[in-house]
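To start, the structure under review is shown below, and the notes come after it.
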Amino acid sequence: MKCTTSTKKFSLISLLFLFLAPGIPAAIAQQKTLLTAQIRKDFKAINNEKGLKEIVLNNEDFLDHMPDGGGKLTGYYKNKELIKIICWIGLSYGTQLTEYYFKDKELIFAYKVFNSFLYDDQTQQLRYNDTKRSFEGRYYFNGGQQIKTITKGKNNVDEGQTASENTMIQEADDYRKMLATHKIQ
């Protein structure tokens, strides 16, 4: 068998790929680690911002159905740019809090917690003043894609659903549009 130039090139490319391929997943993992660290730094900086302007929407201003405990949607603005949204919803069995963080008008992070009301076996009623964290989720985004998810517990509110990247991005976008219809105070 005669070894041609194209065969040599193919063999060289194959050999090169064989040596480099195992490093590709490690490089991707390293990139995600760096992005996640930057996102943590960015949302901590947002939380430390002082003097942000707020827009607050209550109950039916942003909810289709009024929950037992009501709801509140707050947008935080720096120089007229939305950088954070907090959505609090009070349900009959607990409270849900979701925070959305933005950088350059793009969702970079979402934090969701659910605190369940404790049940009193003696009175056979919920104790509305006592809660236990039953779910906590952290969602990292880059370029409109979810790059990392960390969750603990069970999310009773979204039972049967997962907080997929499309769900979180869509919620954030819907809330952003609702807030945009109101003037900054």
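The values are calculated or read from the model by the stated rules, or taken from the named source; none is laboratory data. Just so it is clear, the model here is predicted, and its values are computed rather than measured. In this analysis, Cβ positions are derived from the backbone assuming ideal geometry, glycine residues included, and neighbour counts consider all displayed protein chains.
Select from the stretch 138-153 the residues that are in contact with a helix residue (DSSP H, G or I) (Cβ under 9 Å, 6 or more places away or on another chain) and touching a residue at least 24 places away in the same chain (Cβ under 8 Å) and list them in ascending order. Full working, then the answer.
Here is the first cut: in the stretch 138-153, the residues in contact with a helix residue (DSSP H, G or I) (Cβ under 9 Å, 6 or more places away or on another chain) are 139-142, 144-149.
Matches in the stretch 138-153: Tyr139, Tyr140, Phe141, Asn142, Gly144, Ile147, Lys148.
I'm trying to understand the selection: among the residues of the stretch 110-124, which are touching a residue at least 12 places away in the same chain (Cβ under 8 Å) and farther than 24 Å from Tyr175 by Cβ? Please lay out each step first, then the result.
If we filter the stretch 110-124 for residues that are touching a residue at least 12 places away in the same chain (Cβ under 8 Å), which is where we start, we get 110-118.
Correct list: Phe117, Leu118.
Can you tell me which residue within the stretch 120-148, out of those that are in contact with a Phe, Trp or Tyr (Cβ under 9 Å, 6 or more places away or on another chain), surrounded by fewer than 19 Cβ atoms within 10 Å (Cβ to Cβ) and among the hydroxyl-bearing types (Ser, Thr, Tyr), is nearest to Glu60 (Cα to Cα)?
Per the stated criteria, the residue is Tyr128.
Regarding Tyr76, is this residue in contact with a Leu (Cβ under 7 Å, 6 or more places away or on another chain), farther than 28 Å from His182 by Cα and among the hydroxyl-bearing types (Ser, Thr, Tyr)?
No; evaluated as a whole, the condition is false for this residue.
Restricting to the stretch 85-144, what's the tally of residues that are part of a loop (DSSP other than H, G, I, E, B) and closer than 22 Å to Ile55 by Cα?
2
A quick yes/no check of all residues on (1) at pLDDT 95 or above; (2) assigned to a helix (DSSP H, G or I); (3) closer than 23 Å to Ile169 by Cβ:
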{"position": "Ile24", "(1), (2), (3)": "no, yes, no"}
{"position": "Gln31", "(1), (2), (3)": "no, yes, yes"}
{"position": "Met66", "(1), (2), (3)": "no, no, no"}
{"position": "Leu73", "(1), (2), (3)": "yes, no, yes"}
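Could you run through the stretch 48-62 and say how many residues are part of a helix (DSSP H, G or I) and without any contact (Cβ under 8 Å) to a residue 24 or more places away in the chain?
Counting residues in the stretch 48-62 that are part of a helix (DSSP H, G or I) and without any contact (Cβ under 8 Å) to a residue 24 or more places away in the chain gives 3.
Residue check: is Lys148 assigned to a strand (DSSP E or B), of a type in the set (Lys, Arg) and farther than 19 Å from Lys32 by Cα? Talk me through it step by step, then tell me what you get.
Numbers: assigned to a strand (DSSP E or B): yes; of a type in the set (Lys, Arg): yes; farther than 19 Å from Lys32 by Cα: no.
No.
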